[in-house]
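The structure appears below as structure tokens.
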Amino acid sequence: MDDCKTKRKSWRLEMSGKFLARTSAISLALILAACGGDDASAPLANSGSGNSSGSTGDATTDEGSTSTPETKSIAIGINSGSGFVDGQVSASTVNLGSGGKAYLEVTVVDQNDANSLVTGESIEVTFSSPCLDNARASLSANPVTVSSGFARTTYTAMGCAPQDLVTATVAGAEASVVLNIAPPEAVDLVASQPQPNSIAPNGQSIEGRKSVSKVTFTLEDESENGIPGSTVNFSLFPADTDLKLTQTSGETDDAGQVVASVEAGTTNAVVRVVATTTSSSGDTISTTSAPIAVNSYIPTEANFSLSIDNFLPNAMNIDGVTVGVTISAADRYGDAIRGNTIVNFTTSNGSITPDCELDDGGKCNVTWSSLATREARPIIYAYTQGERVTSGTDCFLPTSTCTYEPTTVEQAAAIVQSSSDNVTVSLANTSGNEYCATTSVVVRDGGTTASVVPPSGTTIEFTATDGTIINESQASKTIGTGSALVFETGLTTCVFAEANASPEGIPRLNVVVTPPGGDIAEAFTAL
């Protein structure tokens, strides 16, 4: 026991000099164990390189004792026990192709427990590398949460070269491996859609309509990974236009992408960008973009049209009845405006989609909906920035010398908020054998009322009793959706009819009006 006291005293002297080597600490632990401990001593923690006491739970030592969280010293590497190698990551291969894979594994051990696997508790192992940070490589799982002491993941190269240092980290301990990755071989150039694919002539740009289009090209290897640092040359096809490239070559970025910019000229033209590069093996790789159109100028006043799919909706006193509205626009040459032009809408009653963008056919669509109906004939108004001719003739010809000035091009149209309720019809002999029926419906219009045509889909049917309708093809009609009836106060329909030569009763002509909903209206007159 006196010898133990001497050894304890010697250790305290070493501590007072603030020096404790790893081997000394382990030796001291054996001394204290052999001597039965010391009431002035404290348990050791975090001995060894790259260690941390971040783990929780107990681990059983080879001698059957229990290692507490405070005495656990985490390390990661290869294998465990006497075969443990600290600081290394096991890889199924360290030599990968440009898109190759490697199976990575590390073990998590307790150095204070003879490098036994740390099990029975969840531990998170995080992998990192420069290529992972730049999205030039990926892992099947990261971080990896384990309770068995083994952390496994699959590394996939995605064009990173020539090396990547992969580091695994847990509780302050680290392990790493260097992967050698073959440089990627370019096999394909991929063109994105031009943005935008339709541009205004040079000097004619307005808000929302540019005179420059950009095309992004991606240089890919066989695994579709981008290849950085390669020169790509650009040209235009056809070459005999007044469009031009802002630069004739560029270098691919970390994602393997390079951008070509095309500036419009002053005339109509459609061009494509041709991109060409050379692979490391000397092969020429080329691709051509989708077309870029210089769709001459902006909408012109003479070529701006508003159309409506139903001018007579059954909408009075009903919310949410919809009407389709279409705008068609062309430029000074009659060419459809191919996109990138915004048309705005308003309405005097109801609700309407506030704007739409012209498509490649120079058209766009919005929806009007009935809402708190209070107008018999609400107005739908469409407008955009455009131009109008101020002088010249035959302006549709590219060789013309017409002059233009900026203006707001606009169109307006009225519709009828009709109703199936309270439809009326009258029938009268107008002259000779001609009989005409007039049908209408009264709707509210602000603080007053208005007489309008019944809604589209309303049918008008004539029949004869003890008589004959001479023009039988006109005996049945359906009210359509056209604009001609918007400002009419009613619809008049006529037929020719006569009494039979030997009637059995009183000859008469009948008419029945059937709206899409609501009550049927009828009338008759003697023949």
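The values are calculated or read from the model by the stated rules, or taken from the named source; none is laboratory data. Keep in mind that this is a model prediction, so the values were computed, not measured. All Cβ positions, even for glycine, are placed from backbone atoms using ideal geometry, and neighbour counts span all protein chains on display.
Listing for the model above:
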| item | result |
| --- | --- |
| Candidate set from segment 425-435 (those that are part of a strand (DSSP E or B) and surrounded by fewer than 16 Cβ atoms within 10 Å (Cβ to Cβ)); member that is nearest to the chain's Cα centre (by Cα) | Ser426 |
| Answer from Asn51, Asn112 - the residue that is under 50 Å from the mean Cα position of the chain (by Cα) and either modelled with pLDDT of 50 or more or part of a loop (DSSP other than H, G, I, E, B) (or both) | Asn51 |
| Yes/no for Ile292 being of a type in the set (Val, Ile, Thr), under 16 Å from Gln385 (Cβ atoms) and at pLDDT below 95 | no |
| Any chance Asn310 is buried (at least 20 other Cβ atoms within 10 Å of the Cβ), of a type in the set (S, T, N, Q), over 13 Å from Thr384 (Cβ atoms) and in contact with an Asp or Glu (Cβ under 7 Å, 6 or more places away or on another chain) | no |
| Unique residue being touching a residue at least 40 places away in the same chain (Cβ under 8 Å), touching an Asp or Glu at 6+ places or on another chain (Cβ under 6 Å) and hydrophobic (A, V, I, L, M, F, W, C) when the list is Ala114, Ala102 | Ala114 |
| Residues of segment 153-168 classified as outside any strand (DSSP E or B) and either buried (at least 16 other Cβ atoms within 10 Å of the Cβ) or touching a Lys or Arg at 6+ places or on another chain (Cβ under 6 Å) (or both), total | 4 |
| Residue within segment 310-326 that is among the small types (Gly, Ala, Ser) and at pLDDT below 95 present | no |
| From the options Thr463, Thr492, residue that is within 30 Å of Ala413 (Cα to Cα), in a strand (DSSP E or B) and hydroxyl-bearing (Ser, Thr, Tyr) | Thr492 |
| Any hit, segment 381-390, residues being without any contact (Cβ under 8 Å) to a residue 40 or more places away in the chain, among the aromatic types (Phe, Trp, Tyr) and not assigned by TED's automatic domain parsing to the domain that holds Asn500 | yes |
| Scan of segment 174-185 for residues that are at pLDDT below 95 and buried (at least 24 other Cβ atoms within 10 Å of the Cβ), ordered by number | Ile181, Pro184 |
| Residue satisfying condition, being of a type in the set (Gly, Ala, Ser) and assigned by TED's automatic domain parsing to the domain that holds Leu371, within set Ser280, Ser289, Ser328 | Ser328 |
| Members of segment 125-152 that are surrounded by 21 or more Cβ atoms within 10 Å (Cβ to Cβ) and among the β-branched types (Val, Ile, Thr) | Val125, Val144, Val146 |
| Residue within segment 450-468 that is in contact (Cβ under 8 Å) with a residue 60 or more places away in the chain, surrounded by fewer than 20 Cβ atoms within 10 Å (Cβ to Cβ) and within 50 Å of the chain's Cα centre (by Cα) present | yes |
| Among (1) within 30 Å of Gly490 (Cβ to Cβ); (2) part of a strand (DSSP E or B) - the single one Asp319 does not satisfy | (2) |
| Filtered residues of segment 341-363 (kept if assigned to a loop (DSSP other than H, G, I, E, B) and either of a type in the set (A, V, I, L, M) or surrounded by fewer than 18 Cβ atoms within 10 Å (Cβ to Cβ) (or both)) | Ser348, Thr353, Pro354, Leu358, Asp359, Asp360, Gly361 |
| Scope segment 298-316; condition of a type in the set (D, E, K, R) and outside any helix (DSSP H, G or I); matching residues | Asp309 |
| Residue within segment 294-305 that is in contact (Cβ under 8 Å) with a residue 60 or more places away in the chain, touching a Ser or Thr at 6+ places or on another chain (Cβ under 9 Å), closer than 30 Å to Pro516 by Cβ and among the hydroxyl-bearing types (Ser, Thr, Tyr) present | yes |
| Among (1) in a strand (DSSP E or B); (2) at pLDDT 95 or above; (3) aliphatic (A, V, I, L, M), the one test that Val389 misses | (2) |
| Residues being closer than 25 Å to Ala372 by Cα and in a strand (DSSP E or B) - total across segment 436-451 | 10 |
| Residues (outside any strand (DSSP E or B), surrounded by 14 or more Cβ atoms within 10 Å (Cβ to Cβ) and out of contact with any strand residue (DSSP E or B) (no Cβ under 6 Å at 6 or more places or on another chain)) located in segment 208-241 | Asp221, Ser223, Glu224, Asn225, Pro228 |
| Total residues in segment 477-527, condition aromatic (Phe, Trp, Tyr), closer than 14 Å to Val452 by Cα and surrounded by 13 or more Cβ atoms within 10 Å (Cβ to Cβ) | 0 |
| Val495 being more than 30 Å from Glu375 (Cα to Cα) and in contact with a helix residue (DSSP H, G or I) (Cβ under 7 Å, 6 or more places away or on another chain) | yes |
| Test: Glu251 is surrounded by fewer than 14 Cβ atoms within 10 Å (Cβ to Cβ) and at pLDDT 90 or above | yes |
